[in-house]
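The values are calculated or read from the model by the stated rules, or taken from the named source; none is laboratory data. From a predicted model like this one, the values you see are computed outputs, not experimental measurements. As a convention, Cβ positions derive from the backbone with ideal geometry for all residues, glycine included, and neighbour counts pool all protein chains shown. Each accessible area value is taken on the protein alone, full model and side chains, heavy atoms only, with ligands, DNA and RNA left out. Shrake-Rupley method; radii C 1.70, N 1.55, O 1.52, S 1.80 Å.
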Amino acid sequence: MFVLLLIAVITYYRNINYKTYDIQVEKSYFPEVNTAAEIEALAKNLVSEMTFEEKVDQMYGEKNHKSLRKLANNFLIAKRFPHIYAGKNERLHIPPWVLSDGPRGARVMHQDVAAVTTFPVAMARGASWDVSLEKRIQHVIAIEMRANKVNLGATPCINLLRHPAWGRAQETYGEDPWLLGEFGLATVKALESHNVMASPKHFALNSLENSRWVVNVEVDERTLREVYLPHFKKTIQQGKPAAVMSAYNQINGEYCGHSKRLLTDILRTEWGFEGFVNTDWGYGVYDGVAGVKAGLNVEMPSQSAYSVKALQEGIDAGKITEQDIDDIVVGSLKTRLKYAFTGDEQQYPLDKILLPEHIALAREAAEKSMVLLKNNSVLPFKKKGAKKIAVIGRLADVENTGDEGSSDSTPPYVITPFQGISNYHKTLGNQVILNDGSDLESAKKLAAEADEVIVVVGYTREDEGEYIILFRDKMVASAKAQKLIGSKGMGGDRDSLRLRPEDEQLIEALASTNDQLVVTYIGGSAIDMNPWQDKVPAILFAWYGGMEGGNALANILYGKVNPSGKLPFSIAKNEKDYPYFNPYIENISYGYYHGYTLFDKKNIEVAYPFGFGLSYTNYAYSNLQIAEPTVTANSNIQVTIDIENTGDMAGEEIVQLYVGFKNSAVDRPVKLLRAFDKINLQPGEKKTIPLQVSAQDLAWYNPQTKKWEIEVMDYELYVGGSSATAELLTGSFKLE
Ligand code: GLC
């Protein structure tokens, strides 16, 4: 027994302190290689020198006995994510590449690193509608990835939020393809500028978690092209990422990892993608021959479908050729060698991790993401000399930065709501009292006596997030039964959009105790607030706010920062208004409409519209001007709008432009987001804001002609502070 234990301990430490490899190429081995053409020629030459086994070794992460053991000991036990050295060939001096996740921070850490800058989740940043902020955040994440000796970022996650119950909603930027595309593009540009290979994911239609390894998503061609792919197309065509991560699920009966239509015909032939496709981890490809024929370059993290045996048999059976294998290998090698050869404009030492400016940015991101949904003259808390502040709820003093799936990252600390509010009041001599809400009577008593009450509710990694289970057969059984079989496991899709009963009971109990009360929600997606939203005077979405979330929350609550976030998704009045969703399912159809396009089309009133968020000031929109009332298919629609800050507090306003298709000859949404901007306005300040829409972005996909077509007709324009039609100024233009 003792010997076994000793072996286990030694194995553990050997796998925690695994051998590391440099990801840069040793140029002295390739003195004459510099240009892209020379690098591509080198890739072909290297492949021609490889044995068949060496070629196959380029087609998966790391040898199973290494990768699986490292993952087991690091991810499962040490709660660290190891470097998986993919594609290393020491004989030919080919360096490995290493993937790190990172929607909210660099996940893979160098063995001497214990923490990284941890931002609010991507959905929170989606709520900031601030693309330049996102770019700044992604620069920091890229710098910290490089400092952690990683050169591929498995990010951005830009899967569309089709239903708010999706467990990984927190990892994406919302329900709208245009918003997703802008954030995805910003991320890729930032990562690539630091020689981090970006790998947008999960390609494609991965918008359901608990059946993701089995679910078949049925989708018609228009819906695929106009709803679920445009943001990938923009991110890939304009951002030119080195890689793309294929999704686990099936589309119209074909696993993404096996789909030549998706990975070659659309991604490469139509969109011109020149990088390589890597699978999602674990169950990303099942049939090696199908993967090769589809154009799938790398199976991650270890070798299963892409085995020498399976591929050799495929060649012997005439299903694939060795040239197909060469093309697959050159496809990834030429791309990653380009990065390995490219010199850096800056150095990435370990001490570039957690720089003070990185931490300050994490707080700024949290401040700019929070969405004020309701405010009956409560916020900002203005009671001068407030002596007693109550912070109540089971999450009030919990470190809660989001799920513990692949988007997790390790912060050096987390400022909880209670700590942030306490920090704010420290120098004011006020009393901040914590109550976890478990005893309703004591919570009510405290709330009644306090000058201000912050009720903290929401979710944790137990309630939502990446669905962490080890074995596929449980997912298969649950999907077949259309209900959970066995224990649930960590994270996953939510079964209900309601808050936990204990949170709703707490809100009910406290609602009438104090009119200086705000409900602060911590989470990553929409919730159903029907039971209590009319009973409380203020509601703030604080999201999973990252390592500085508590300080940001205090700055918002006490008016140091004016809330500027707006919802990146719609919140329906009733859960049944959303599209059909079942976490446990084998087949599901994704329709053309969801979110605001669905609610507009069916004229369904929502609780809170896409793009909605309050401020401590008010903004007046006027004077919508359209430069040219008539445009052509090759021109831009130039628009200006006047926005005035009519209140007494400076703030940032998100102006949104939607295009309407009332006259369309085909079934189209009432309106679609096609431009937005975030602007600073001092009290009383008025600015004329330019917005533009390319006529190309008015197109619809005609499945008959298999072409994007722009209708010659009159289009409507809607400009304002949310997607709520009543709030929007309208205009129109003709396309000839
Ligand atoms: C996970 C996730 C994916 C992540 C990968 C590596 O299963 O689905 O988003 O990049 O594995 O952690």
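If only one of S589, S622 is among the small types (G, A, S), over 24 Å from G126 (Cβ atoms) and under 24 Å from the mean Cα position of the chain (by Cα), which one is it? Walk me through it before giving the result.
Values: S622 fails: under 24 Å from the mean Cα position of the chain (by Cα).
None of the others qualify; the one that does is S589.
Taking the condition of being part of a loop (DSSP other than H, G, I, E, B) and either away from the ligand (no atom under 16 Å from the Cβ) or surrounded by fewer than 23 Cβ atoms within 10 Å (Cβ to Cβ) (or both), how many residues in the range 187-208 meet it? Can you show your working first?
Residues of the range 187-208 part of a loop (DSSP other than H, G, I, E, B): 193-196, 199-200, 202, 204-208.
Cutting the leftovers down to either away from the ligand (no atom under 16 Å from the Cβ) or surrounded by fewer than 23 Cβ atoms within 10 Å (Cβ to Cβ) (or both) gives us 193-195.
Final tally of qualifying residues: 3.
Go over the candidates A443, A448, A360, A386 one by one and state the one that is away from the ligand (no atom under 16 Å from the Cβ) and either within 24 Å of the chain's Cα centre (by Cα) or part of a strand (DSSP E or B) (or both).
Within the list A443, A448, A360, A386, the selection yields A360.
Pick from L354, L267: which is closer than 30 Å to N551 by Cα and buried (at least 16 other Cβ atoms within 10 Å of the Cβ)?
Checking each option against the conditions leaves just L354.
Suppose we filter the range 540-571 for residues that are of a type in the set (A, V, I, L, M) and open to solvent by 10 Å² or more (accessible area, probe 1.4 Å); how many remain?
1
Looking at the range 12-37 only, could you name the residues that are within 29 Å of K79 (Cβ to Cβ) and either part of a loop (DSSP other than H, G, I, E, B) or open to solvent by 70 Å² or more (accessible area, probe 1.4 Å) (or both)? Step through it out loud before you land on a result.
Let us first name the residues in the range 12-37 that are within 29 Å of K79 (Cβ to Cβ), namely 12-24.
Correct list: Y13, R14, N17, Y18, K19, T20, Y21, D22, I23, Q24.
For V398, are the conditions met, namely being touching a residue at least 12 places away in the same chain (Cβ under 8 Å), in contact with a Pro (Cβ under 7 Å, 6 or more places away or on another chain) and either among the hydroxyl-bearing types (S, T, Y) or assigned to a loop (DSSP other than H, G, I, E, B) (or both)?
On the way: touching a residue at least 12 places away in the same chain (Cβ under 8 Å): yes; in contact with a Pro (Cβ under 7 Å, 6 or more places away or on another chain): no; either among the hydroxyl-bearing types (S, T, Y) or assigned to a loop (DSSP other than H, G, I, E, B) (or both): yes.
Taking the combined requirement at face value, the residue does not satisfy it.
I'd like to check something: does the range 624-632 contain any residue that is open to solvent by less than 30 Å² (accessible area, probe 1.4 Å) and not in a helix (DSSP H, G or I)?
yes
Residue-wise test of (1) among the small types (G, A, S); (2) buried (at least 19 other Cβ atoms within 10 Å of the Cβ); (3) under 30 Å from G595 (Cα atoms); (4) touching a Pro at 6+ places or on another chain (Cβ under 7 Å).
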position	(1), (2), (3), (4)
K445	no, no, no, no
V457	no, yes, yes, no
K474	no, no, no, no
K480	no, no, yes, no
L499	no, yes, yes, no
E504	no, no, yes, yes
I522	no, yes, yes, no
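Can you find even one residue in the range 329-347 that is surrounded by 23 or more Cβ atoms within 10 Å (Cβ to Cβ), on the phi < 0 side of the Ramachandran plot and not in a helix (DSSP H, G or I)?
No, every residue in the range 329-347 fails to be surrounded by 23 or more Cβ atoms within 10 Å (Cβ to Cβ), on the phi < 0 side of the Ramachandran plot and not in a helix (DSSP H, G or I).
Cβ-Cβ distance below 8 Å, separation of 6 or more or different chains: which pairs start in the range 132-159 with a residue that is more than 16 Å from A115 (Cα to Cα) and end on one that is of a type in the set (K, R) and within 16 Å of the ligand (Cβ to nearest atom)?
Cβ pairs passing all conditions: A154/K201; T155/K201; P156/K201; C157/R168; C157/K201; I158/K201; N159/R168; N159/K201.
Can you name every residue in the range 523-559 that is within 13 Å of L372 (Cα to Cα) and under 22 Å from the mean Cα position of the chain (by Cα)?
L540, F541, A542, W543, L553
So which residues in the range 251-264 are within 16 Å of the ligand (Cβ to nearest atom) and open to solvent by 30 Å² or more (accessible area, probe 1.4 Å), if there are any at all?
Answer for the range 251-264, where residues must be within 16 Å of the ligand (Cβ to nearest atom) and open to solvent by 30 Å² or more (accessible area, probe 1.4 Å): just Y255.
Any idea how many residues of the range 459-472 are crowded, with 17+ Cβ neighbours inside 10 Å, touching a residue at least 40 places away in the same chain (Cβ under 8 Å), outside any strand (DSSP E or B) and within 16 Å of the ligand (Cβ to nearest atom)?
Result for the range 459-472: 2.
Within the range 76-99, which residues are within 16 Å of the ligand (Cβ to nearest atom) and part of a strand (DSSP E or B)?
F81, Y85, A86, W97, V98, L99
Please indicate, with yes or no, whether at least one residue in the range 413-426 is assigned to a helix (DSSP H, G or I), hydroxyl-bearing (S, T, Y) and either without any contact (Cβ under 8 Å) to a residue 60 or more places away in the chain or in contact with a strand residue (DSSP E or B) (Cβ under 9 Å, 6 or more places away or on another chain) (or both).
Within the range 413-426, one or more residues are assigned to a helix (DSSP H, G or I), hydroxyl-bearing (S, T, Y) and either without any contact (Cβ under 8 Å) to a residue 60 or more places away in the chain or in contact with a strand residue (DSSP E or B) (Cβ under 9 Å, 6 or more places away or on another chain) (or both).
Residue under question is E299, and the condition is that it be in contact with a Phe, Trp or Tyr (Cβ under 9 Å, 6 or more places away or on another chain), open to solvent by less than 10 Å² (accessible area, probe 1.4 Å), acidic (D, E) and modelled with pLDDT of 95 or more; does it hold?
yes
One residue is enough: does the range 289-305 have a residue meeting the conditions without any contact (Cβ under 8 Å) to a residue 12 or more places away in the chain and away from the ligand (no atom under 16 Å from the Cβ)?
no
If I go through the range 100-136 residue by residue, how many of them are within 16 Å of the ligand (Cβ to nearest atom), under 22 Å from R363 (Cβ atoms) and aliphatic (A, V, I, L, M)?
Qualifying residue count, the range 100-136: 6.
Touching a Lys or Arg at 6+ places or on another chain (Cβ under 7 Å) and open to solvent by less than 10 Å² (accessible area, probe 1.4 Å): which single residue out of Y228, Y248 fits that description?
Y248 is the lone residue from the list that is touching a Lys or Arg at 6+ places or on another chain (Cβ under 7 Å) and open to solvent by less than 10 Å² (accessible area, probe 1.4 Å).
How many of the residues in the range 140-175 are part of a loop (DSSP other than H, G, I, E, B) and either within 12 Å of the ligand (Cβ to nearest atom) or more than 19 Å from I527 (Cα to Cα) (or both)?
Of the residues in that region, 11 qualify.
Quick check, is V285 buried (at least 21 other Cβ atoms within 10 Å of the Cβ), within 16 Å of the ligand (Cβ to nearest atom) and touching a residue at least 12 places away in the same chain (Cβ under 8 Å)?
Numbers: buried (at least 21 other Cβ atoms within 10 Å of the Cβ): yes; within 16 Å of the ligand (Cβ to nearest atom): yes; touching a residue at least 12 places away in the same chain (Cβ under 8 Å): yes.
In short, yes.
Applying the selection to the range 209-241, what residues are over 18 Å from the mean Cα position of the chain (by Cα) and within 15 Å of the ligand (Cβ to nearest atom)?
S211, W213, V214, V215
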